[in-house]
Amino acid sequence: MGNLYSPFAYKEQEIFGKTTPPEDVTGFQMVAQGSKANFTWNPVSDLDVIHGGNYWLRYTSDVSASWSASSTIDDKIPGNASSYLGPLLSGRYLLKAVDSSGNESVNSVIILSYIVVIQLLLLFLLQLLIDIFLEVAQQHLYLF
């Protein structure tokens, strides 16, 4: 067998993986667990989120507020995570993916939570029923 060789080859290619934003998060859900909220989402497939990136969870009590008008709950949720246990609040939760270069996904995914408002309303109604029951019970005691 003789010497094997190939001619010189050259190819120029522009790679966008580190400059384009990661895909938007999908499947964002929340389940109340006592005073906590268990958030879940579909993990993004971008490798620079999974390895070295993170998720950024924000909150605002204003249900119509934007990303920039909300406050950070946690901006260091690991990029390979698909769940997070956070505070249970009424308002708007927003979530974005962030890649290892700091690029944020273009759109945040949103959950509106009215859990605390509903809990307070139920407590108010329960107290009202107790007050009515006690008043009726007192009136029956006076009859006898």
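Each reported figure results from applying straightforward, stated rules to the coordinates on display, with no laboratory input. Bear in mind the structure is a predicted one, so any value in this text is a computation, not a measurement. As a convention, Cβ positions derive from the backbone with ideal geometry for all residues, glycine included, and neighbour counts pool all protein chains shown.
Taking other Cβ atoms within 10 Å as a rough exposure proxy, Lys76, Lys96 sort from fewest to most as Lys76, Lys96.
Straight-line reach from Lys96: which lysines fall under 23 Å, measuring Cα to Cα and dropping same-chain residues less than 8 apart? Partners found: Lys18, Lys36, Lys76. Counting beta carbons within 10 Å around each of Phe124, Phe8, Phe28 and listing the fewest first gives the order Phe8, Phe124, Phe28. Summing +1 for each Lys or Arg and -1 for each Asp or Glu among the other residues whose beta-carbon sits under 13 angstrom from that of Asn103 gives -4.
Modelled this way, with points 7 Å down the Cα-to-C-beta line, the labels at Val63 and Thr26 are 2.6 nm from one another. For the chain, the longest principal axis of the Cα atoms and the long axis of helix 115-143 meet at an angle of about 10 degrees.
The length gained on full extension between Ser35 and His51, counted as 0.36 nm times the residue separation minus their Cα-Cα distance, comes to 2.6 nm.
Given Cβ point charges of +1 (Lys, Arg) and -1 (Asp, Glu) and nothing else, what value in debye, to the nearest 20, does the dipole of the chain about its Cα centre take? Don't skip to the end; give the middle numbers.
Details: 7 positive and 13 negative charges, 34 e Å.
Here the chain has a charge dipole of around 160 debye.
Our estimate of slack between Ile115 and Ser71, defined as 0.36 nm per intervening residue step minus the Cα-Cα distance, is 13.9 nm. Think of it as helices only: each DSSP H run of n ≥ 4 in the chain is worth -39500 (n - 2.57), and spread over all residues that comes to -7500 deg cm²/dmol at 222 nm. Segment Gln139..Ser101, full-extension length gain: 6.5 nm, with 0.36 nm per residue of separation and the alpha-carbon distance subtracted.
With N the number of residues in the stretch 26-113, Rg(Cα) / (2.2 N^0.38 Å) evaluates to 1.02. Across the stretch 13-107, Cα pairs under 8 Å and at least six residues apart give a relative contact order of 38 percent.
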